[in-house]
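Following this message is one structure expressed as structure tokens.
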Amino acid sequence: MEFFGKTNIDFLGKKWYFLGFSLIFSIAGVLSLLFWHHVPLGVDFRGGTLVYVKFNSTPNEDQIRAALDKAGLHNARIQRYDTAGKNEELIDLPQRATKSGDVSGDSDLTVEALRGTAPQGQQDLNNVGFAAVRDALVKSDPIHVTPQEYEKIAHQIVDFRDKQRDWLFKDVDEVRQARVPAAVVDSLKKGFYAGDFHVFGTEVVGPQVGKQLQQRAFLATLYSLLGMLVYLWFRFEMIYGVAAVVAVFHDTLITVGAFSLTNTDITLTVIAAILTLIGYSMNDTIVVFDRIRENIKLMRRESLAEIVNRSINQTLSRTILTSGLTFLTVLSLYLFGGEVLHGFSFALVIGILIGTYSSIAVAAPMLVAYQDWRSSRSGRPVPGRAKA
């Protein structure tokens, strides 16, 4: 299937425009990496604590930050999580130096800081599990049943809170909607109150784990590039492999630079996306190189630049169809996939655009430039010399 039909675009004639485009975005990314936001590592790599909090009303981030500072949790990054109407915030706490090296207590300190002054002797019904509810009911015994029955009631209350009330009771009287006996609700009102927030998730990563993940992510990316270089060296020629790896490095640099410019955290899922786009970009480059190798045998009297231009035009429909459909998929993932997949899909959106571009605008011109340089040194034309 052909999307454009036959085209005759002089891609190599526009190589200086391509070079300028690449330089602008590459230099902007490098400057951001070196001087502005640097590499915005997520908690997976730098260590620390992530606390996901849902509020009953629109949260005031300045008040949250002030409460955390008062509790000794400084330099917290607070940002909206998911859509604004859900009143959810992500609190990112940096790694703190502790004697024991244990950072798991930071999530408990966050809860205490957000709670502020609580009713004396009462527990927050929005931040306890079923065990606390069960124990309170067993102790007060409002309806005189077995502990097993109170356990079922506690599960019923907590499940109703999490699934029907979206983790939050506005007040303890809302427990009545869970269809439990009125005496149970009256008993809970004596020992519980309904707080203004609920912590629905925490992630804790220690410094040693973060450092190991950094090293492994770097090695995974490096080994993938070296493996592809060796493959293309044997499949075509060394210059083909070098051109493809340079193009992929160009894609990776611009993608990481985009994360730095937008100050978006690089997490493990982002590294997975970068490795995915490395393979995707390399595959697209190999398709172009394979057509170049075929055309070198058929068009022996034409210059390498003409052969490369013809090859890119011949594969253009395939490139637009495959890359276009893939791009629409990851764009939908970026727009509708939610906050959890935001970094992963953002990397793929940037990577697919740049990866498709680099196959045409970076790898192919580099191949021609090398062969022209080689020809000028030897004094005779060197069409392509791809292996059969």
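The values are calculated or read from the model by the stated rules, or taken from the named source; none is laboratory data. All values derive from a computational prediction rather than experimental measurement. Cβ coordinates were reconstructed from backbone atoms using ideal geometry, including for glycine residues, and neighbour counts include every protein chain displayed.
Six or more apart or on different chains, Cβ atoms under 7 Å: show the pairs whose first residue is in segment 35-62 and closer than 24 Å to Leu261 by Cα and whose second is of a type in the set (Phe, Trp, Tyr) and part of a helix (DSSP H, G or I).
Going by the 7 Å Cβ cut-off, the qualifying pairs are Pro40/Phe259.
May I pose another question? Suppose we filter Val230, Val245, Val270 for residues that are part of a helix (DSSP H, G or I), crowded, with 18+ Cβ neighbours inside 10 Å, among the hydrophobic types (A, V, I, L, M, F, W, C) and without any contact (Cβ under 8 Å) to a residue 24 or more places away in the chain; which single one remains?
One residue alone meets the criteria, Val245.
Could you check segment 95-112 and list, in sequence order, the residues that are farther than 21 Å from Gly191 by Cα and modelled with pLDDT of 85 or more?
Hits for segment 95-112 are Leu109, Thr110.
Condition first: surrounded by 12 or more Cβ atoms within 10 Å (Cβ to Cβ), of a type in the set (Phe, Trp, Tyr) and not in a strand (DSSP E or B). Can you find one or more residues in segment 41-53 that meet it?
First pass over segment 41-53, keeping only residues surrounded by 12 or more Cβ atoms within 10 Å (Cβ to Cβ): 41-53.
Filter again for of a type in the set (Phe, Trp, Tyr), leaving 45, 52.
Filter again for not in a strand (DSSP E or B), leaving 45.
Yes: segment 41-53 contains one or more residues that are surrounded by 12 or more Cβ atoms within 10 Å (Cβ to Cβ), of a type in the set (Phe, Trp, Tyr) and not in a strand (DSSP E or B).
Further question on the same structure: So which pairs qualify, if the first residue must be in segment 139-165 and farther than 18 Å from Arg176 by Cβ, the second must be of a type in the set (Lys, Arg) and surrounded by 15 or more Cβ atoms within 10 Å (Cβ to Cβ), the Cβ gap must be under 8 Å, and the two must be at least 6 apart or on different chains?
These pairs meet every condition: Pro147/Arg134; Glu151/Arg134.
Another question, then. Mind listing whichever residues of segment 193-226 are touching a residue at least 60 places away in the same chain (Cβ under 8 Å), of a type in the set (A, V, I, L, M) and not in a loop (DSSP other than H, G, I, E, B)?
Across segment 193-226, the qualifying residues are Val199, Val204, Val205, Val209, Leu213, Ala217.
Tally the residues that are loosely packed, with under 15 Cβ neighbours inside 10 Å and touching a helix residue (DSSP H, G or I) at 6+ places or on another chain (Cβ under 6 Å), restricting the search to segment 72-91.
Adding up the residues that qualify gives 0.
A further question on this structure: When only residues in segment 166-192 that are part of a helix (DSSP H, G or I) and of a type in the set (Val, Ile, Thr) count, which is surrounded by the most Cβ atoms within 10 Å (Cβ to Cβ)?
Among those residues, the one meeting the criterion is Val175.
Somewhere in segment 277-288, is a residue under 12 Å from the mean Cα position of the chain (by Cα), buried (at least 22 other Cβ atoms within 10 Å of the Cβ) and touching a residue at least 24 places away in the same chain (Cβ under 8 Å)?
no
Tell me, yes or no, whether segment 201-223 has at least one residue that is out of contact with any His (no Cβ under 6 Å at 6 or more places or on another chain) and within 28 Å of Gln120 (Cα to Cα).
The answer is yes, given that some residue of segment 201-223 is out of contact with any His (no Cβ under 6 Å at 6 or more places or on another chain) and within 28 Å of Gln120 (Cα to Cα).
Restricting attention to segment 299-306, does a residue exist that is under 30 Å from Leu31 (Cα atoms), of a type in the set (D, E, K, R) and either touching a residue at least 40 places away in the same chain (Cβ under 8 Å) or not in a helix (DSSP H, G or I) (or both)? First the steps, then the outcome.
Initial filter on segment 299-306 (under 30 Å from Leu31 (Cα atoms)): none.
No, because not a single residue in segment 299-306 is under 30 Å from Leu31 (Cα atoms), of a type in the set (D, E, K, R) and either touching a residue at least 40 places away in the same chain (Cβ under 8 Å) or not in a helix (DSSP H, G or I) (or both).
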